[in-house]
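What follows draws every value from the coordinates through simple rules; no lab data is involved. Only a predicted model underlies this, so the values are computations on that prediction, with no experimental measurement involved. All Cβ positions, glycine included, derive from the backbone under ideal geometry; neighbour counts span all protein chains shown.
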Amino acid sequence: MMWKTAVHTDAVELNGEWIVLDAEQYVITRLNETGGFLWNLIKKGATVNMLAEALVEEYGIPRETAKADAENFVARLQEIGLIVNAA
Amino acid sequence: MRTAYMQIAKHRIFVSTREDRVMEWIAGQFRLIDSPPEEGTPDLYLRVSSGYGRPAAKPDVRVRKEGSRVTYRREDFLLETDDRYHRALLSVHDDLALNFALMVLYSAHIVHHRWGIMMHASCIVEEGCGHLFAGPSGAGKSTVAALSRPRTVLSDEAAIVGLADDRPLAYDSPFRSDSPPTFDPDPVPVASLHLLTQSLLIDRRPIRPADLVYRIMDKIFYWPADPAETVKLIALCGNLAERVPAYDLFFQKNDLFWERIS
């Protein structure tokens, strides 16, 4: 499944930390460095499997853990409305 | 018809009105300038009339966007503008409403053009640099401004920060609480930003840039009309946080905090 960032969201990166503004709801979300890494990939149209693969490559974590982390992250972003299903 | 050019920061506003008293209100609060033709067209065209509504009992502004028209309404003013914030009609109750409505319009204009932001902050000049002191109402912005004299006070309530140049610049603000504007057209580079807390002890602690963005988003003067506009705020705040060192400032009601800053 592919995702896209919600309309009217934008993010800034400052020293490895990310701040995302959802201008529709006027809500600010903080992401750590890994969150920001995944956010950028989601913006480029990555699937959960691609996110997991990127985590394995970037951080050298086991594939199972990466998959679970990517799924959790995507679910959380969807829950707070920062990403929506692109299909 | 009476007309004039006024200037806020580096923006020129062409004002017209049929009423002498409206022009007096404008001349009393804003910097009027001659505008030679070679300077190009104004950033904003504004037509003002009075006789609208009554003194505002609540500060809330109702905002509505329909097509390319944006309307801001409060008991004491009605402001209608295009969505490029280039041409506006304003009806006001009195001079206070005029000042406030112009702040609403100007903040939307500078965010639309990604030029800068207006912050809930006082701004004091020390050795040619601007120091911002931000906080909600009651945090001590005006107190800091009063305690900092004889230093120049560029703002005591709503600081104008330009972010389109090589470095953030602070401009004289006509949107005041107590002290009068300087009407000095030249900006100063912003050297620091402090988030204010009144305290029995004086202390200054650095704030990380990401924390700063998180904490100043609610200290921007901005009345959201359109999410496509509002979203620009995050990049502007990030731009400021990236380039200006920020601190929590715990201060007593005296000017000793300057020893921690300079």
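Radius of gyration and Dmax for the protein assembly as shown's Cα atoms, expressed in Å?
22.6, 76
Can you flag which of B:LYS65/B:LYS232; B:LYS232/B:LYS253; B:LYS58/B:LYS141 are past 28 Å Cα-Cα?
Details: B:LYS65/B:LYS232 17 Å; B:LYS232/B:LYS253 36 Å; B:LYS58/B:LYS141 22 Å.
Cα-Cα > 28 Å for B:LYS232/B:LYS253; rest within.
When the convex hull of the C-alpha atoms of the range B:172-262 is computed, what volume per residue in Å³ does it have?
Output value, Cα hull per residue: 142 Å³.
Over chain A, what per residue volume does the convex hull of the Cα atoms give, in whole Å³? Kindly include the intermediate steps, with their values, before the conclusion.
Working: hull volume 7.0 nm³, N = 87.
Looking at chain A, the number lands at 81 Å³ per residue.
Using Cα positions and a limit of under 20 Å, work out the lysines in reach of A:LYS44, with same-chain residues fewer than 8 apart set aside.
By straight Cα distance, A:LYS44 reaches A:LYS4, A:LYS67.
Translational diffusion coefficient of chain B at 20 °C, 1.002 mPa s, Stokes-Einstein with Kirkwood Rh over Cα pairs, in µm²/s as a whole number. Intermediate values should be presented prior to the final figure.
Working: Rh = 18.9 Å.
Rounded to a whole number, D works out at 114 µm²/s.
Output needed for the range B:116-233: three equivalent-ellipsoid semi-axes, defined as square roots of 5 times the C-alpha gyration tensor eigenvalues, in descending order, whole Å.
In descending order, the three semi-axes are 21, 18, 14 Å.
Cα centroids of the range B:73-128 and the range A:8-72: how far apart, whole angstrom?
36 Å
Please state the relative contact order of chain A as a whole percent: Cα pairs under 8 Å, 6+ residues apart? Intermediate values should be presented prior to the final figure.
Details: 117 pairs, mean separation 30.9, N = 87.
That works out to 36 percent.
Only Lys, Arg, Asp and Glu count, each charged at its Cβ (+1, +1, -1, -1), so figure out the dipole size of chain B about its Cα centre, rounded to 20 debye.
Details: 32 positive and 35 negative charges, 121 e Å.
In debye, rounded to 20, chain B gives about 580.
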